[in-house]
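Take a look at the structure set out below.
The values are calculated or read from the model by the stated rules, or taken from the named source; none is laboratory data. No experiment lies behind these values; they were computed from the predicted model shown. When we count neighbours, we look across all protein chains shown, and the Cβ atoms used for this are built from the backbone with ideal geometry, even at glycine.
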Amino acid sequence: MSEMKPEGTLLLTEKPFVCVLHSNQKVKRCDHCFESGNLSNCSLCDKVAYCSSKCEAEAWSIHKFECPNMKRISPKIVPDAVRMIARIIYKLKYCKGWETKGFYGSGRNEFRKFGDLESHYEDLQHDRKRLQDFLTLSRVLEDFMGENESLPPPSELLTIYGRLLINSFNIMDISMNTIGSGLYLGTSRFDHSCVPNAVAVFSGTIISIRLTKPIAQFDWSKVFVSYIDVLQPTSKRISELNKGYYFECRCEVCLDVKQLEHMLSMSCPNPKCSEPIYIPEDVQDKVPECPKCTNCGEQVTQSRLDSYLNALDFIEAQLDRMKQTSYLDVCQTSLRKTEGLFHPYNVYQLQILDSAFSAAIDLNHWTEAKEYGKKLIVGQKKYYGDIHPLLGQTLLKIVKILLLEEFEEEDEREIVRSYIDLAEKIVKICYGEDHSLYKEHVMSLLDNLLSL
């Protein structure tokens, strides 16, 4: 009989088959363990850096193949994807990579090898954009690896490329910022759901999979992680999964009409009614008249609907503009346009709030950051659930801001306490008490709160 596994259960811890530190992190982090600290450059190529002689020695087993090439092509920078594929080729050719096993369980057959990974070879052959990217990447790869290293045949190289695309993970730092990419053999066995019951977190390059919800009769096929950020409309999640992973998600959230309606909702014009009003993405083609609130019956005026649609167009354009960097003034302009129009559950408003929260923190605008964060956690709880690393990160940041203030009322202290209690629960479940996020950050905040 299958055993019951509670939330917080550590299912798997795994080192990467190969990984690459993103080039924008190379002056900040060790190329091997991805930790920050005092770094020393490789004495041969001077293009990567390590935090210790131990890391440099451990990295040499794969770096020794790329090191002369990185020096040869200098000052050109090797694209991260090229370096990743080159490392896979070196690993397979010289480091017995085909025989490497990534275990996801304790059973003798509970492992995966590189050859077991899904490549979606046929889908790639019909994907014009990715084929073009592959051809461009192949030319750069050939230049990088040099005349003395022959590339695999085109069909095999396309298979390697496909396995990398479908199975790699973004490696996150302690604040959930992407710092690199990694391919993990055992972890590749987990399928996607927009309402996952497990989460992937990192300590350096080490990945851990923990349950965020209990499983009564445990089976590996019942474990799901999310491949994407679910804080986006259903149509965009389905499109991203289809384009990125070649499947159409049919999870319970993607089939939940009520969830979709909340994600794309405006506020009821009746100030006494809190019911969200669903505005379809193709409202101008589908709706012959302005919608009514299903709760109080109040009808949306045409001018109000036009204001909503204009604000939505503006926000989508700004979100696309701010994919790399958030601008506080742009976020504030966007939020002024949504005020009174967008329901608190509207995902576009939540995305702007997330950007505004980050930008305000970067600028030390604590009052604004606090207000944005409080609004953000309402939506994160709804769409991520009560246990999710991103919700935990938001709560921890709000607590740090609140601890900068002096508490005049006991109820203010209780609000902070409720935030940190939930954050502590989330971090314990998602990361474990041995993770540095818990030991160095959560415990420090608890100590600060007790000292007040």
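Looking only at region 14-27, which residues are surrounded by fewer than 14 Cβ atoms within 10 Å (Cβ to Cβ) and in contact with a strand residue (DSSP E or B) (Cβ under 8 Å, 6 or more places away or on another chain)?
27
Considering only region 185-219, how many residues are more than 20 Å from residue 231 (Cβ to Cβ), hydroxyl-bearing (Ser, Thr, Tyr) and either surrounded by fewer than 18 Cβ atoms within 10 Å (Cβ to Cβ) or out of contact with any His (no Cβ under 9 Å at 6 or more places or on another chain) (or both)?
Total satisfying the criteria: 2.
What pairs come up if the first residue lies in region 329-358 and is under 17 Å from residue 397 (Cα atoms), the second is basic (Lys, Arg) and in a helix (DSSP H, G or I), and their beta carbons are under 7 Å apart, counting only those six or more places apart or on different chains?
The qualifying pairs are 353/375.
Which one of these is at positive phi and either small (Gly, Ala, Ser) or in a helix (DSSP H, G or I) (or both): 340, 379? Outline the logic, then answer.
Numbers: 379 fails: at positive phi.
Just a single option satisfies the conditions, and that option is 340.
Can you tell me which of 189, 250 is at pLDDT 95 or above and farther than 28 Å from residue 78 by Cα?
When all the criteria are applied, what remains is 189.
Tally up the residues in region 327-378 that are closer than 19 Å to residue 263 by Cβ and of a type in the set (Lys, Arg), please.
Going through region 327-378 one residue at a time, the tally reaches 2.
Within region 71-80, track down each residue that is outside any loop (DSSP other than H, G, I, E, B) and in contact (Cβ under 8 Å) with a residue 60 or more places away in the chain.
Of everything in region 71-80, those that are outside any loop (DSSP other than H, G, I, E, B) and in contact (Cβ under 8 Å) with a residue 60 or more places away in the chain turn out to be 72, 73, 80.
Tally up the residues in region 98-117 that are modelled with pLDDT under 95 and either within 24 Å of residue 138 (Cα to Cα) or basic (Lys, Arg) (or both), please.
Qualifying residue count for the region: 1.
What are the residue pairs meeting all of these: first residue in region 108-132, first residue assigned to a helix (DSSP H, G or I), second residue among the β-branched types (Val, Ile, Thr), Cβ atoms under 6 Å, and 6 or more apart or on different chains?
From residues that are assigned to a helix (DSSP H, G or I), the pairs are 121/159.
Checking the condition of a type in the set (A, V, I, L, M) and closer than 26 Å to residue 99 by Cα, which residue from 211, 183, 255 passes?
183
A quick yes/no check of all residues on (1) assigned to a helix (DSSP H, G or I); (2) more than 25 Å from the chain's Cα centre (by Cα); (3) over 21 Å from residue 366 (Cα atoms):
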| site | (1), (2), (3) |
| --- | --- |
| 393 | yes, no, no |
| 397 | yes, no, no |
| 406 | no, yes, no |
| 429 | yes, no, yes |
| 432 | no, no, yes |
| 442 | yes, no, no |
| 450 | yes, yes, yes |
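Looking at region 81-91, can you tell me whether even one residue there is under 28 Å from the mean Cα position of the chain (by Cα), surrounded by fewer than 18 Cβ atoms within 10 Å (Cβ to Cβ), of a type outside the set (A, V, I, L, M, F, W, C) and more than 24 Å from residue 190 (Cα to Cα)?
no
Does region 287-332 hold any residues that are assigned to a loop (DSSP other than H, G, I, E, B), within 23 Å of residue 362 (Cβ to Cβ) and out of contact with any Asp or Glu (no Cβ under 8 Å at 6 or more places or on another chain), and which are they? Spell out the reasoning first.
First pass over region 287-332, keeping only residues assigned to a loop (DSSP other than H, G, I, E, B): 287-291, 293-298, 300-301, 322-327.
From what's left, within 23 Å of residue 362 (Cβ to Cβ): 322-327.
Answer for region 287-332, where residues must be assigned to a loop (DSSP other than H, G, I, E, B), within 23 Å of residue 362 (Cβ to Cβ) and out of contact with any Asp or Glu (no Cβ under 8 Å at 6 or more places or on another chain): 322, 323, 324, 325, 327.
Quick test for you: out of 228, 179, 209, 174, pick the one residue that is part of a loop (DSSP other than H, G, I, E, B) and within 19 Å of residue 33 (Cα to Cα).
Of the residues listed, the single one that is part of a loop (DSSP other than H, G, I, E, B) and within 19 Å of residue 33 (Cα to Cα) is 174.
Considering (1) surrounded by fewer than 17 Cβ atoms within 10 Å (Cβ to Cβ); (2) free of Cβ contacts under 8 Å to residues at least 24 places away in the same chain; (3) part of a helix (DSSP H, G or I), say which one residue 424 fails and leave the rest.
(1)
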